[in-house]
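Beneath this line is the structure, given in structure tokens, with notes to follow.
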Amino acid sequence: MAKVRLIEKIGYALGDAAAGGITWKVMSIAFPLFFTNVFGLTIADTATLMLIARMFDVVTDPLMGSLADRTQSRWGTYRPWLLFGAVPMGVVFALLLYTPEFGAVGKRIWAYSLYLLMMVVYTAVNVPYGALVGVMTDDDDEKNQFSSFRMVGAYAMGFITLFSFPYLQKMVGGTEQHQYAVLGAFFGVLATLGTLACGLLTKERLKPVRAEKFSLKPFADLFSNKPWVYLTLIGIFMNFFNGFRYAVAGYMFEYCLYGDVTINGLIINYTVFMTFGELTCMAFGGVSPWFTRKVGSKRKAFMWAAAICMVTSVLFYFVPMDAAYIWVMVGIVVLTSVGIGLYSPLLWSMYADVADYATEKNGTSSTGVIFSSGTMSQKFGTAISASLVALLLGIAGFVSGTDPINGHTIITITDEDAVRQMIWLLFSLFPAAIAVIIMTLLYFYPIKK
């Protein structure tokens, strides 16, 4: 097979720059705080919204994978979903960050309807995107490189998105609702263009071995596929780890550090704070294939990376809850992101191994179904973690809602110390415990390559 050109790897990276670096990053980091403090949902509605909408994907993602596997068109099997799903994804994303002048019930209907629709269009684009790497090359090292480019693209765009967010808000001006609406439209256009570029620049070289008819057998086969079971659990807990930290970062700055921290003109808010990690993830995502070769296997490399995440998350708990220690916090976030950057590309490369194992075992390709597990675990893990963040903050004493008379957002803290301590735990010891679970699952993961 001819060597894959660099432009194609860059094109593939643009796909996750759009989905992972823009839409998913904003949904994971900004949406929880946006819905409670800007849009005006109650903490209970926010928790329920995150849970129901993404649990919906536990069903739709595998179905989308099966549908993608059976797609036949002049553009290939998986690429047409990117080409024709790009615009809907950008439009729905933009509408989600718009706050209509409705009462509490109207806002609830708007948020729930659009969030469910966003999950559908995101699935229709991202599941085929993940499966695409399985038909672009059969070379294992090239697959690792595609996965590495994918992660670098996601983290690079995540860095740009999160770092620019407070400065763009300042530039737009007006109310927070106006700022989020304008930025939603701006980033929605960027996400659309990145997805289209990915579909146009990539090439499908391999033909999937298709099943003749639709059948539930590929879904049933998953549960007898031991590597798939372990890897899917690893993916879910990996997204628990990220999800807790992303969802609670905004609350940490608002209620633990009492607002943005400005140092020599640099605005460090919750999005900028996380960009230090994004930049590190981008760098070490590129190092991941080399690190894997040095360590000897993907499984061992993932294990070492998870250990880094565990140790640094514990360290963060002992940092004083004071803005004077912001650079210590940044330093620990950077160290944690070394581990995240090393293991993030490995998950998708390991799914390619699982897909090859399933094809050899069952005789037909289920690449789309297998890779849908990756996006399913991403959404499932993020859904549960974001919902738990909202639920636990509510238990600790955080109350939000919409004033029934003027429609303004109302925030009440009944126990400030309990809320602050819960936020700190959710960013440190909760993720540390999850990293230990990931390491345990990796120990039993059966594919050693």
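Among GLY259, GLY285, GLY235, the largest mean-square fluctuation in a Gaussian network model of the chain, built with springs joining Cα atoms closer than 10 Å, belongs to GLY259. Shown here: the stretch 1-44, whose C-alpha atoms stretch 55, 15, 9 Å along the first, second and third principal axes, sorted largest to smallest.
Excluding the site residues themselves, the longest part of the chain lacking any chymotrypsin sites (Phe, Trp or Tyr not before Pro) in a DSSP loop with at most 16 other Cβ atoms within 10 Å is 319-449. Placing one equal scatterer on every Cα of the chain and applying the Debye formula, the log10 ratio I(q)/I(0) at q = 0.07, 0.09, 0.12 Å⁻¹ is -0.32, -0.54, -0.97. For the residues GLY331, GLY65, GLY11, a GNM of the chain with alpha-carbon springs under 10 Å puts the largest fluctuation on GLY331. For the chain, complete DSSP H runs whose alpha carbons reach 30 Å or more along their own long axis and whose mean Kyte-Doolittle score is -0.5 or higher are 104-136, 140-172, 176-201, 226-251, 270-295, 326-362, 367-396.
All other residues whose Cβ lies under 15 angstrom from that of LEU190 are scored, Lys and Arg at +1 and Asp and Glu at -1, for a net of 0.
Considering only protein heavy atoms, with the full assembly of protein chains and a 1.4 angstrom probe, order ARG108, ARG420, ARG70 by accessible area, largest first. Kindly include the intermediate steps, with their values, before the conclusion.
Working: ARG108 85, ARG420 40, ARG70 65 Å².
Putting ARG108, ARG420, ARG70 in descending order of accessible area: ARG108, ARG70, ARG420.
My understanding is that a pair violates if its Cα-Cα distance is over 28 Å; which of LYS226/LYS379; LYS143/LYS300; LYS9/LYS300; LYS25/LYS207 do that in this structure? Write out the running numbers ahead of the final one.
Numbers: LYS226/LYS379 21 Å; LYS143/LYS300 18 Å; LYS9/LYS300 26 Å; LYS25/LYS207 32 Å.
Cα-Cα > 28 Å for LYS25/LYS207; rest within.
Rounded to two decimals, the Cα-based Rg/Rh of the stretch 69-188, with Kirkwood Rh, is 1.07. From its DSSP helices (H runs of at least four residues, each -39,500 (n - 2.57)), the chain gives a residue-normalised ellipticity at 222 nm of -25000 deg cm²/dmol.
Taking the accessible area of the stretch 218-328, probe 1.4 Å, and keeping the other protein chains in place, the carbon and sulfur fraction comes to 68%.
Using a simple spin-label model with points 7 Å from Cα along the Cα→Cβ vector, what separation in nm is obtained for PHE84 and VAL287? Going by the 7 Å Cα→Cβ label model, 4.4 nm.
Can you list the equivalent-ellipsoid semi-axes of the stretch 1-133, largest first and in whole Å, using the square root of 5 times each Cα gyration tensor eigenvalue? It would help to have the intermediate numbers written out before the result.
Details: eigenvalues 203, 49, 29 Å².
Rounded to whole Å, the semi-axes are 32, 16, 12.
Under a Gaussian network description of the chain, with springs only between Cα atoms under 10 Å, the residue in ILE29, ILE384, ILE160 that fluctuates furthest is ILE160.
The values are calculated or read from the model by the stated rules, or taken from the named source; none is laboratory data. Please read these numbers as outputs of a predicted model, since none were measured by experiment. Positions of Cβ are backbone-derived with ideal geometry, glycine not excepted, and every protein chain shown enters the neighbour counts. Side chains are part of the model used for accessible areas, which takes the heavy atoms of the whole protein and leaves out ligands, DNA and RNA. Shrake-Rupley method; radii C 1.70, N 1.55, O 1.52, S 1.80 Å.
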